[in-house]
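To start, the structure under review is shown below, and the notes come after it.
The values are calculated or read from the model by the stated rules, or taken from the named source; none is laboratory data. Since we're looking at a predicted model, the values are computed, not measured. Reconstructed Cβ throughout: ideal geometry from the backbone, glycine too, with neighbour counts over all protein chains shown.
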Amino acid sequence: MRRLLLALPFALLPLAIAHAADEHDHGSLGAHVHGVARLDMALDGRTLEIELDTPAMNIVGFEHPATTDADKMKLALARETLLKPHGLFSIPEAAGCTVSKQKLESPLFGHEGDDHNDGDTDEHEHEHSEIHGHYQFTCSVAAVLNKLDLTQLFKSFPATQTIQVQLVTPKRQMGAEVRPSNPVVKF
Amino acid sequence: MYLLRLALASLANRRFTAFLTAFAIALSVCLLLAVERVRTEARASFASTISGTDLIVGARSGSVNLLLYSVFRIGNATNNIRWDSFEHFAGSKQVKWAIPVSLGDSHRGYRVMGTTEAYFEHYQYGRQRHLELVDGRPFDTDPFEVVLGAEVAEALHYKLGDKLVLAHGVAVVSLVKHDDMPFTVVGILKRTGTPVDRTLHISLGGMEAIHIDWHNGAPAQGAGRITADQARNMDLTPTAITAFMLGLNSKISTFALQREINEFRGEPMLAILPGVALQELWSLMGTAEKALFVISLFVVLTGLIGMLTAILTSLNERRREMAILRSVGARPWHVATLLILEAFALALAGAVSGLALLYIGIAAAQGYVQANYGLYLPLSLPSAYEWTLLGGILGAALLMGVVPAWRAYRQSLADGLSIRL
């Protein structure tokens, strides 16, 4: 018995190695704080790009796959709001921005355009889920853009308390913590 | 006008107390303005140190930490990053230019930075200003060439062609020196008012060469030593660097590349936007700045209250003065105005000599502060905000002068000339 016990570490070795390799493969994990979202905005020439990363909790109030009708309804509504970036980010009409690309990604939205294999879905039930939105605009009068107004975003998703904003314009880089009480960043 | 003359004459009569009171106000005004000036200048000099760099990449730590050690030479790196990681991202098609940075050695308290020619070509400070050489040229293919920052050259009296020895580590007094491989000064940079002035720039090859025969953190002994000439013929490609700066073709790709670097599987790295990290630093320092500002405001308040006390206590002994004034035809409001003018004159004297003290202080400490803290304090005229502060102090003094004025007004009404002495 004792001999067998001594052999135990060796028996487990492949597991340990597999685990180590596994960890290496997954790379690093991003931060996930409920109530806090991240928004990156870049403006160069006529191109405006906005990326929004937020825990699903801020948007729909849950992070498990939607199973009940109520959850599915919420999810559909949120999706609809998120797919109207002009309103969401209060982009002024005078700038003449048209959406040239937009993409919403989240484990909650199922697998359209998502490259997760099916084996992963079970894990996701216990994991935190993020919603990731990527928007690209082409603006005819980009000079009009001089501020980022997130009032509508806070209004549409009141569970969002802070948005960490990173801004890049041809002139400068800026960072800001935006709160509902002060939702505008001038640049 | 004659009232002002009277007030001044009365003050001159009590010149010692008046002088002390004005001096207390002067000190507090000087403190307030100094805090304000250091705050704004520190911000300005931090903000103008780096410009045009889209991303700074280093080992994974905090963004403020990375910014401080890579750009401001404050603190040290937690880890180095691999040279092949640098090459991987420097070759990326979004990247326009890349500057590797290797830190860790020093020369008489000044930091030494290993880099490439790209630094002189692409590093920008202030408003898109490039580095310029006052003298000489950037370092070339020979690894043992050094380009000095303006401050280093000036403080240590180096000129082109001088030889200097670098010390291992960043302690001011270092026991381990790279004295087997001296460097030749080939260039001196123009003053920038940034940490660049306090840096010695050598090539990455030079950085590699002085450490080439080191093992386990100590130089090799005896036969193991490699001479400078031997080192010249060896492969001096570094294996690790401390950080690197990236300039991108399009600002749009900033975030995509930042993400790519942060999720790089080869090694844990952190990419930051210098402008964003600076803002983070401000929000950290903001609290301390506010505290300092509030403290100095209270010091000013203390000075003004001291003045109020001095005037109030003098009121009693000056009943006679007031009575004489009344007897020669002064009305009660004359007496009140006299006291307000007195307070104002004291505060004005305090503010003016406070400003004078500030400028004397700046003129005296300028060189020292620049050399030791890298902070350039210009002898510029007070800013609009400083004028506002001074105006506020004078306003507060006027307001305080109302208190003794009101008392004197009442007294001179009640006592009139019937005062018994």
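Conditions tested, residue by residue: (1) among the hydroxyl-bearing types (S, T, Y); (2) under 13 Å from A:F137 (Cβ atoms).
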residue: A:I50; (1), (2): no, yes
residue: A:T68; (1), (2): yes, no
residue: A:K72; (1), (2): no, no
residue: A:L83; (1), (2): no, no
Just to be sure before I move on: is B:G275 assigned to a helix (DSSP H, G or I), crowded, with 19+ Cβ neighbours inside 10 Å, modelled with pLDDT under 90 and not charged (D, E, K, R) in the structure I sent? yes
What number of residues in the range B:243-263 are at the interface with chain A (Cβ under 10 Å from one of its Cβ atoms) and either crowded, with 20+ Cβ neighbours inside 10 Å or basic (K, R) (or both)? 7
Taking the residues in the range A:76-86 that are over 15 Å from the mean Cα position of the chain (by Cα) and farther than 18 Å from A:K186 by Cα as candidates, determine which candidate is nearest to the other protein chains (Cβ to nearest Cβ). A:K84
Only one residue in B:L358, B:L379, B:L389 is more than 30 Å from B:T199 (Cβ to Cβ) and within 20 Å of the chain's Cα centre (by Cα), so which one is that? B:L358
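The rows are residues; the columns are (1) touching a residue at least 60 places away in the same chain (Cβ under 8 Å); (2) outside any loop (DSSP other than H, G, I, E, B).
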| position | (1), (2) |
| --- | --- |
| B:D142 | yes, no |
| B:E154 | no, yes |
| B:K159 | no, no |
| B:G169 | yes, no |
| B:M181 | no, no |
| B:V185 | no, yes |
| B:G193 | yes, no |
Test each condition in (1) out of contact with any His (no Cβ under 8 Å at 6 or more places or on another chain); (2) crowded, with 16+ Cβ neighbours inside 10 Å for B:L20 and report the one that comes out false. (2)
Answer yes or no as to whether B:F46 is more than 27 Å from the chain's Cα centre (by Cα) and among the hydrophobic types (A, V, I, L, M, F, W, C). no
Among the residues that make up the range A:59-70, is at least one of them among the aliphatic types (A, V, I, L, M) and closer than 26 Å to B:S253 by Cβ? no
Within the range A:39-65, restricting attention to residues that are small (G, A, S) and either part of a strand (DSSP E or B) or facing chain B (nearest Cβ under 10 Å) (or both), which residue is surrounded by the fewest Cβ atoms within 10 Å (Cβ to Cβ)? A:G45
Checked the range B:367-421 for anything at pLDDT 80 or above, buried (at least 18 other Cβ atoms within 10 Å of the Cβ) and not in a helix (DSSP H, G or I); matches are B:L377
All but one of (1) out of contact with any Phe, Trp or Tyr (no Cβ under 9 Å at 6 or more places or on another chain); (2) assigned to a loop (DSSP other than H, G, I, E, B) hold for B:A77; state the number of the condition that does not hold. (1)
Restricting to the range B:82-131, name every residue that is of a type in the set (D, E) and either closer than 15 Å to B:R198 by Cα or not in a loop (DSSP other than H, G, I, E, B) (or both). B:D84, B:E87, B:D105, B:E121
With (1) away from chain A (no Cβ under 14 Å); (2) over 30 Å from B:L4 (Cβ atoms); (3) in a helix (DSSP H, G or I); (4) in contact (Cβ under 8 Å) with a residue 24 or more places away in the chain as the list, and B:L308 as the residue in question, which single condition is left unmet? (2)
All but one of (1) surrounded by fewer than 19 Cβ atoms within 10 Å (Cβ to Cβ); (2) among the acidic types (D, E); (3) at pLDDT below 90 hold for B:D105; which doesn't? (1)
I'm trying to understand the selection: among the residues of the range A:176-186, which are surrounded by 12 or more Cβ atoms within 10 Å (Cβ to Cβ) and either in contact with a Pro (Cβ under 8 Å, 6 or more places away or on another chain) or more than 10 Å from chain B (Cβ to nearest Cβ) (or both)? A:V178, A:R179, A:P180, A:P183, A:V184, A:V185
In the range B:264-294, what residues are within 18 Å of the chain's Cα centre (by Cα), more than 8 Å from chain A (Cβ to nearest Cβ) and charged (D, E, K, R)? B:E289, B:K290
Checked the range B:82-115 for anything more than 17 Å from B:I210 (Cβ to Cβ) and within 24 Å of the chain's Cα centre (by Cα); matches are B:G109
Per the filter on the range A:163-175, residues within 21 Å of the chain's Cα centre (by Cα) and more than 7 Å from chain B (Cβ to nearest Cβ) are A:I163, A:Q164, A:V165, A:L167
Please state which one of B:H157, B:H215 is at pLDDT 90 or above and farther than 24 Å from B:E121 by Cβ. B:H157
